[in-house]
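Student: Submitted below is the structure of interest, expressed as structure tokens.
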Amino acid sequence: MSMTGAYPIAAYPIAGGPPARRIVLPFFDVLETLLSQYANSPVILKLMAFFSEWLDPASRFDQFYTDLWDISTAKSHGLDVWGRILGVTRILEVPTGAYLGFEQDDQAKPFGFGILYRGGRSTDSAALTDAAFRLLLFAKAALNITNGSVPATNQILRSLFGGGYVRDNYDMTITFVFPRELTPLETAILYQSGTIPKPAGVSFNVEVT
């Protein structure tokens with residue numbers, strides 16, 4: 001028996017050909033999947049030995065950990081998997097534009113800034129980038145373990161929007177106060193993502209200082 005790195009490689013005699021090598025990995029041994037009735041089949045043993053070398057899972061394990069398992073480095077599909085685990089989607093309905101209107105509608109804009117409403121949908125689907133979606137996932141993970149206090153909510157607001165705080169109005173409402181206007185995408189995150197802690201039965205509004 002010879003040694004390759006820290007793991008042994010044993011040789012099995014194969015009639016009419018070179019020895020087949022058995023690579024014993026700490027988490028998987030390909031020969032453990034072989035039925036005992038085929039244990040003396042030289043062809044099957046040789047095929048399995050080659051198959052074990054060609055498709056060695058150890059060479060892909062680091063890539064799996066980086067691209068999917070570790071949320072801080074995961075990409076595209078890996079982040080989508082984490083989204084299903086945490087119950088967050090990267091697809092949000094974002095307003096397509098600011099329409100001309102009156103002061104009764106806090107989303108309407110005056111002449112020179114708003115556009116005429118043409119009917120139909122006023123929102124469109126938008127997918128968050130990996131960086132933005134990762135930040136949203138961290139916020140949802142924080143929500144899962146938060147105590148719902150004002151300081152904890154303020155921390156989530158700062159991480160998602162770069163600033164802001166929550167104000168208790170003592171009338172079953174709270175106000176999220178931001179130092180700047182939110183973008184349509186940030187507004188969608190605030191209203192749709194479900195990552196901002198809010199007591200049950202309490203409504204909220206948004207204020208820009």
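Each value in this text was obtained by applying a stated rule to the coordinates, not by laboratory testing. These numbers were taken from a predicted model, which means no experiment stands behind them. Because the Cβ atoms are built from the backbone with ideal geometry, glycine has one as well, and the counts that use them run over all protein chains shown.
Student: How do Val43, Val206 rank when sorted from fewest to most other Cβ atoms within 10 Å of their own Cβ?
Tutor: Val43, Val206
Student: Which FRET efficiency value, to the nearest 0.05, do you get for Ile71 and Lys198 by plugging their Cβ-Cβ distance into 1/(1 + (r/R0)^6) with R0 = 25 Å?
Tutor: Calculated transfer efficiency: 0.55.
Student: Now, a different point. If I model a spin label at Ser159 and Ile91 as a point 7 Å from the Cα along the Cα→Cβ vector, what separation in nanometres do I get?
Tutor: For the pair Ser159/Ile91, the computed spacing is 2.6 nm.
Student: What list of ³J(HN,Hα) values in whole Hz, one per residue of region 41-50 in order, does the Karplus curve 6.51 cos²θ - 1.76 cosθ + 1.60 (θ = phi - 60°) give from phi, with Gly and Pro shown as x?
Tutor: 8, x, 5, 5, 4, 5, 4, 5, 5, 5
Student: Can you give me the three principal axis dimensions of region 128-209 from its C-alpha atoms, in Å, biggest first?
Tutor: 38, 29, 19 Å, listed from the longest principal axis down.
Student: Estimate the FRET efficiency between Thr33 and Arg84 by the formula 1/(1 + (r/R0)^6), using the beta-carbon distance for r and 35 Å for R0, to the nearest 0.05.
Tutor: So, using R0 = 35 Å, E works out to roughly 0.70.
Student: Amide H neighbours of Phe204 under 5 Å, counting only residues 5+ apart in sequence or on other chains, H built in-plane at 1.01 Å?
Tutor: Ile174
Student: Roughly what would the spin-label model give for Leu185 and Ala127, points 7 Å off Cα along C-beta, in nm?
Tutor: Reported label-point gap for Leu185 and Ala127 is 1.3 nm.
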